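S.K.: One structure follows; several queries about it will come next.
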């Protein structure tokens, strides 16, 4: 029997406010354990929370960018459960009156467009962080708790179960990250936990409308992890059903090292949390004027930027998606084009040599040692024929390690491409006369013979000969024999 996966995601993003959601403690990442805490976020007796107004503004910004309806009347609720990283034994969240509802997000996978509905987005406080002393939560001897993250403002964005593959889920996450970055509410650094997701996965026979029993995979913090965890879990459930077994509704964890999901606990229902309105925070209203002022302040979003890149720069849909799915990449690309780089050449370098170097160094594009203007300068030298693409890679490596402009490096290292036909003609004549076998192969119709001769000339000029000019001169010479 063939099965299809049914996937919904709960995306949690930390809002980049300077202070926590209900107190004035800092939200900075990397502080010593349990130093960014106070009686409010530690839930000590007698304290009263006060809502950070920036959190509300950021929630509305995100909701508008995600095509949501913004609630004019909203409130906070207590979500009651016990866990060591939750000092109050409840989480202040939103239950029945979330700030944002009924949105959607359009994604594209392999040229096919899909609309993923967004059920809701609500504000809540983050829990602390458990530091497990073992390879994973399932095999640790003990855990320590750091409450620095407790009270950090979160926006939880819940989708409908509209995704049908792990790749769709990744595309949704990538688009979500881009939008949240563009509107300036989160840095979305998955490696630091400021963007993570829970995946609800079930399978059902193809053609069946009724949903299968779902499991929830908690706290996946990389795109690769999202894809691998969903693929594994969908396959696990399908095999279980094929063998006559039954899927149990439960919460599972993703073990990155083993590449499997593991059971943590049976899944709770909403009534298990005994939600009730937060008595220490009054309900609040949001005016039409407030919403419209935020709407007017929204920047150009990824879809609009993608459409502009396709129209203005002639990029393909795939290239435009790659350029716009990360705000820093899009900003860098535009800075290159503004500095005179050919748009398509800029895309090729950003997706190729540049991306490889970022990955090798584990560097974010914002910290790249080569500026957009300097990379554009390198591409202009290639376009002019001053240097070849091969030499450009050497120059780029020097720029990455030592900084500086491409033009200065090319002059200092004597890397200017030889395009003088007179100088190259002498080399062509010499190589042809010394390689009668290659000449015979060419006459016999073996076009690859030209490549061997080109290679010899490039070697003799230490890669500085213009390949286009060499090919022209060689073909002319060989045809004349």
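The values are calculated or read from the model by the stated rules, or taken from the named source; none is laboratory data. Predicted model, so just to flag it, every value in this text is computed and none were measured. Cβ placement follows ideal geometry from the backbone for every residue including glycine, while neighbour counts extend to all protein chains displayed.
S.K.: Which number in (1) under 23 Å from residue 177 (Cα atoms); (2) touching a helix residue (DSSP H, G or I) at 6+ places or on another chain (Cβ under 7 Å) marks the one condition that residue 378 misses?
M.R.: Only one criterion in (1) under 23 Å from residue 177 (Cα atoms); (2) touching a helix residue (DSSP H, G or I) at 6+ places or on another chain (Cβ under 7 Å) is unmet by residue 378, namely (1).
S.K.: Does residue 474 satisfy being at pLDDT 70 or above, in contact with a helix residue (DSSP H, G or I) (Cβ under 7 Å, 6 or more places away or on another chain) and within 21 Å of residue 381 (Cβ to Cβ)? Lay out the reasoning, then the answer.
M.R.: Working: at pLDDT 70 or above: yes; in contact with a helix residue (DSSP H, G or I) (Cβ under 7 Å, 6 or more places away or on another chain): yes; within 21 Å of residue 381 (Cβ to Cβ): no.
Against the criterion (at pLDDT 70 or above, in contact with a helix residue (DSSP H, G or I) (Cβ under 7 Å, 6 or more places away or on another chain) and within 21 Å of residue 381 (Cβ to Cβ)), residue 474 does not qualify.
S.K.: Got at least one residue in region 392-400 being modelled with pLDDT under 75 and either in a loop (DSSP other than H, G, I, E, B) or under 30 Å from residue 332 (Cβ atoms) (or both)? Let's see the steps before the verdict.
M.R.: Initially, region 392-400 is screened for residues modelled with pLDDT under 75, giving none.
No: region 392-400 contains no residue that is modelled with pLDDT under 75 and either in a loop (DSSP other than H, G, I, E, B) or under 30 Å from residue 332 (Cβ atoms) (or both).
The rows are residues; the columns are (1) crowded, with 17+ Cβ neighbours inside 10 Å; (2) over 30 Å from residue 458 (Cα atoms); (3) touching a strand residue (DSSP E or B) at 6+ places or on another chain (Cβ under 8 Å).
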{"site": "309", "(1), (2), (3)": "yes, yes, no"}
{"site": "318", "(1), (2), (3)": "no, yes, no"}
{"site": "331", "(1), (2), (3)": "no, yes, no"}
{"site": "355", "(1), (2), (3)": "no, no, no"}
{"site": "360", "(1), (2), (3)": "no, no, no"}
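S.K.: Filter region 241-266 down to the residues that are closer than 14 Å to residue 212 by Cβ and in contact with a strand residue (DSSP E or B) (Cβ under 9 Å, 6 or more places away or on another chain) and list them by number. Spell out how you get there, then give the answer.
M.R.: Here is the first cut: in region 241-266, the residues closer than 14 Å to residue 212 by Cβ are 241-242, 245-250.
Within region 241-266, 241, 242, 247, 248, 249, 250 qualify.
S.K.: Of the conditions (1) in contact (Cβ under 8 Å) with a residue 40 or more places away in the chain; (2) under 28 Å from residue 91 (Cβ atoms), residue 225 fails just one. Which one is it?
M.R.: Single failed check for residue 225: (1).
S.K.: Report every pair of residues separated by at least 6 positions or lying on different chains whose Cβ atoms are under 7 Å apart, first residue within region 148-159 and over 11 Å from residue 13 (Cβ atoms) and in the same structural domain as residue 89 (by TED's automatic domain parsing), second assigned to a strand (DSSP E or B) and modelled with pLDDT under 95.
M.R.: Listed by first residue and then by second, the contacts come to 149/129.
S.K.: Next question. Mind counting the residues in region 94-119 that are touching a residue at least 40 places away in the same chain (Cβ under 8 Å), out of contact with any helix residue (DSSP H, G or I) (no Cβ under 8 Å at 6 or more places or on another chain) and assigned to a strand (DSSP E or B)?
M.R.: Residues that pass the stated criteria total 4.
S.K.: Could you check, for region 161-175, whether at least one of its residues is assigned to a strand (DSSP E or B), surrounded by fewer than 22 Cβ atoms within 10 Å (Cβ to Cβ) and in contact (Cβ under 8 Å) with a residue 60 or more places away in the chain?
M.R.: No: region 161-175 contains no residue that is assigned to a strand (DSSP E or B), surrounded by fewer than 22 Cβ atoms within 10 Å (Cβ to Cβ) and in contact (Cβ under 8 Å) with a residue 60 or more places away in the chain.
S.K.: In region 40-70, how many are surrounded by fewer than 21 Cβ atoms within 10 Å (Cβ to Cβ), out of contact with any strand residue (DSSP E or B) (no Cβ under 6 Å at 6 or more places or on another chain) and part of a loop (DSSP other than H, G, I, E, B)?
M.R.: 11
S.K.: For residues in region 323-351 being within 20 Å of the chain's Cα centre (by Cα) and outside any helix (DSSP H, G or I), which is farthest from residue 181 (Cα to Cα)?
M.R.: 325
S.K.: Here's a follow-up. Considering only residues that are assigned to a helix (DSSP H, G or I) and at pLDDT below 95, which ones fall in region 308-318? So that I can check it myself, show each step before the final result.
M.R.: Within region 308-318, the subset assigned to a helix (DSSP H, G or I) is 308-313, 317-318.
Matches in region 308-318: 317, 318.
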